[in-house]
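Shown next, in structure tokens, is the structure this report addresses.
What follows is calculated from the coordinates using simple rules that are stated; it is not laboratory data. Being a predicted model, the structure only gives us computed values, none of them experimental. Glycine also receives a Cβ, built like all others from the backbone with ideal geometry; neighbour counts cover every protein chain displayed.
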């Protein structure tokens, strides 16, 4: 393993202080820690290094160090294979990656070599010239995608015979200077994260089968407020005179069921009256009993 310090480059993807789930390339599902419950989290950053007169990134000082390490780690020549995972991309390439994205189409990529680095450990970040332990950046909002940074990177073989390549892990980040924000690639990609992960409804899921455009019933009211339905009868309005007494009913052989009242805006109303005003049973059940 070697350690290198990158030149100043633009943070074009990811964030050194934010993490996302690690996705298994074979199953497209989140990877878990040893307990089988806790998902593994990974921090990803992509830094764009401006191209110079070199024809290949391995002709730069930092690129030569990565290339030499890879050649030493894979003496059988695996590093010469087109699919070898160097974690360095030509930002002008028009060849789509595994997810169908063309590098040249990403903001900040053209005219640059792109180093992509990941880690499951925290990255200590500092402002330029402020490197004391107590000066570690605590607020992720102080760094944004689009800023200019330097990275301290560890480089080693991934030791994978199935997908030979290199690990490039960021250890330290220096915020060199603020840059114009990159919004589209500032964080986790919904398409990459959700689109790569199969999803199924849980057993017993209850679905809304109402046809599109069909009339919609009254929405649940905000807490402590009457729903925005057709105005209720006067006797339901707080402060109004009580409802007129119903005519006396003939004696019944059995006692009538008790009247359950619910509190709305500090006033108790019979459930039947609330239903007449447009409340449904679920909404009524959510009100406190008087």
If the chain between residue 80 and residue 51 were fully stretched, how many nm would it gain, using 0.36 nm times the residue separation less the Cα-Cα distance?
8.3 nm
Quick check: from the Cα gyration tensor, does segment 70-133 come out rounded (a/c under 1.5), prolate or oblate?
oblate
At a Förster radius of 41 Å, what calculated FRET efficiency corresponds to the Cβ-Cβ distance of residue 65 and residue 37, to the nearest 0.05?
0.55
Only counting other Cβ atoms within 10 Å, I'd like 72, 106 sorted with the fewest neighbours first.
72, 106
Could you let me know the centre-to-centre spacing of segment 100-137 and segment 20-90, using Cα atoms, in angstrom?
14 Å
How much length would be gained if the chain were fully extended between residue 180 and residue 134, taking 0.36 nm per residue of separation minus their Cα-Cα distance, in nm to one decimal?
13.8 nm
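Which ordering of 60, 27 is given by a fewest-first count of other beta-carbon atoms within 10 Å?
In order of increasing Cβ crowding within 10 Å: 27, 60.
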Using a 10 Å cut-off around each Cβ, can you sort 134, 127 from fewest to most neighbouring Cβ atoms?
134, 127
Would you mind getting me the FRET efficiency between residue 8 and residue 92? Use the beta-carbon distance for r and R0 = 22 Å, nearest 0.05.
0.65
Can you list the residues of segment 96-136 with backbone N under 12 Å from a point 7 Å past the Cα of residue 142, pointing along Cα to Cβ?
124-136
For a test of the definition: using alpha carbon positions, the gyration tensor, and the 1.5 limit on a/c, classify segment 2-195 as rounded, prolate or oblate.
rounded
